[in-house]
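Engineer: Quick one: the structure is below, questions incoming.
The values are calculated or read from the model by the stated rules, or taken from the named source; none is laboratory data. This structure is a prediction, so every number in the text was calculated from the model and none was measured. When we count neighbours, we look across all protein chains shown, and the Cβ atoms used for this are built from the backbone with ideal geometry, even at glycine. Surface accessibility is based on the protein's heavy atoms, side chains included, excluding ligands, DNA and RNA. Shrake-Rupley method; radii C 1.70, N 1.55, O 1.52, S 1.80 Å.
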Amino acid sequence: MDGSSEDPTRFSTVAEGGFELDRSSLVEPVSTLFKSLMDYAQKKPAVDNNNDFHNIALKSFKSLSSSSSNGGLSVGSFLRKGLDLYLASKEKEQEEVFGYGNWKKKSLEEGVFQVYENTQRTYTSAGDLSTLDYVAESEYRMCSGEEITIAKGYMSIIQYLASALPPGVIQLGKRVKQIEWQIQMVDMENGYGSNETSDYNRPVKIHFCDGSTMVADHVIVTVSLGVLKAAVVEEDGSSALFSPPLPSFKTEAIRRLGFGVVNKLFVQLNSNNNFPFLQMVFHKADSELRREEVPWWMRKTASMFPIYENSNVLL
């Protein structure tokens, strides 16, 4: 992407049935509400502590935290409570909207809110925002800069970084059987061994499936979460990968940590045809007004847009 996908003014918001929503009256208020709620959850400083949206966020937090412990409060419940408070505050002002088929204003606002929830899920890989801990959300940080596509893929980055290393340093196809850490060490200085370092002075020993070993000062484990979960605890309680087993506070955190699925679907058009930057608003999955031909997975899709300006490839 070239940054265009991060500019909200570029998007046309279209509701199920092909109705383009008015940005100023239907999209922007809900967009501002969602941003205010997320800013509050992430402990970002408020520009104006007295505006309506900040007050809704404050009321949402107080309402939920008074009825449950902080440990039970989720990002999803906080967001939905904020939306309920917003809709309740506008209930007397709810007027009919025309030109949107069988859509009501409230259902359109709920649908737009769902768009931003779906977008937020892509940042966290969460299938449901109700599984995200509210307290931990304040620790989340977005990387700065634009999102970009890498023409030759991520491998080109790895190859570039590897080019600075001596030949033969990187070994591929070495399956790890066990990581032995906290090996008994002697003559240690600052935890890294003396100048006359031997294999037995290093705190990590890696055992490979082919019977070979390697010693190191540090090991960085970057396996996927599913593999890590399977590696830290065997059925008998022992560790499959680490010897000795990791501390209980680490294994408990790994056990509780969840993950979801984020799929990116690329569509290549025969020609550009100036395809718009789309945000897609759908009826609820159980709504009688939904179109049967729209699959369930598309209802969890937030947007579709060219990967860069005038591209015929859509994301």
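Engineer: Suppose we take every Cα in region 205-315 and form the convex hull; what volume per residue is that in Å³?
Structural biologist: On the way: hull volume 27.6 nm³, N = 111.
Output value, Cα hull per residue: 248 Å³.
Engineer: Same structure again: Using a cut-off of under 20 Å, list every residue of region 8-52 whose amide N is near the label point 7 Å from the Cα of Glu96 along the Cα-to-beta-carbon line.
Structural biologist: Output list for this probe position: 19-22, 25-26.
Engineer: So for the chain: antiparallel DSSP bridges make up what percent, rounded to the nearest 5? Spell out each step's value before the answer.
Structural biologist: Numbers: 17 of 24 bridges.
Taking every DSSP beta bridge with both residues in the chain, the antiparallel ones total about 70 percent.
Engineer: Considering only protein heavy atoms and a probe of 1.4 Å, how much of the accessible area of the chain is carbon and sulfur, as a whole percent?
Structural biologist: 53
Engineer: Cα gyration tensor of region 96-138, axes a ≥ b ≥ c as square roots of the eigenvalues: rounded (a/c below 1.5), prolate (a/b > b/c) or oblate?
Structural biologist: prolate
Engineer: For region 64-160, state the average projected area of the convex hull of the C-alpha atoms over all orientations, rounded to one decimal in nm².
Structural biologist: 10.7
Engineer: Kindly report the accessible area of the chain per residue (heavy atoms of protein chains, probe 1.4 Å, no ligands, DNA or RNA), in Å².
Structural biologist: Value returned for the chain: 65 Å² of accessible area per residue.
Engineer: Next up: Quick one: order His54, His283 from most to least accessible surface, probe 1.4 Å.
Structural biologist: So the residues, ranked largest to smallest area, are His54, His283.
Engineer: Next question. For the residue pair Glu288 and Glu146, what label-to-label distance in nm results when each label sits 7 Å from Cα along the Cα-to-beta-carbon direction?
Structural biologist: According to this spin-label approximation, the distance is 4.8 nm.
Engineer: Taking the Cα-to-Cβ direction at Gln182 and at Ala88 and moving 7 Å from each Cα, how far apart do the two end points lie in nm?
Structural biologist: 5.1
Engineer: Moving on. Can you tell me the FRET efficiency between Lys106 and Val47 if r is taken as the Cβ-Cβ distance and R0 is 22 Å, rounded to the nearest 0.05?
Structural biologist: So, using R0 = 22 Å, E works out to roughly 0.20.
Engineer: Follow-up. Below 8 Å between Cα atoms, with a sequence gap of 6+, how large is the relative contact order for the chain in percent?
Structural biologist: Computed over the chain, the figure is 22 percent.
Engineer: May I pose another question? Report, largest value first, the span of the C-alpha coordinates of region 250-315 along each principal axis, in whole Å.
Structural biologist: 52, 35, 16
Engineer: Run through all the Cα pairs of the chain and give the fraction in each 20 Å bin from 0, expressed as whole percent.
Structural biologist: Cα pair-distance distribution for the chain, in percent: 23, 46, 27, 5, 0.
Engineer: For each pair in Lys152/Lys177; Lys44/Lys152; Lys177/Lys250; Lys59/Lys106, compute the distance between the two Cα atoms and list the pairs where it is over 31 Å.
Structural biologist: Numbers: Lys152/Lys177 33 Å; Lys44/Lys152 36 Å; Lys177/Lys250 20 Å; Lys59/Lys106 21 Å.
Exceeds cut-off: Lys152/Lys177; Lys44/Lys152.
Engineer: Describe numerically, in nm with one decimal, the distance between label points set 7 Å from Cα along Cα→Cβ at Thr213 and at Ser248.
Structural biologist: 3.0
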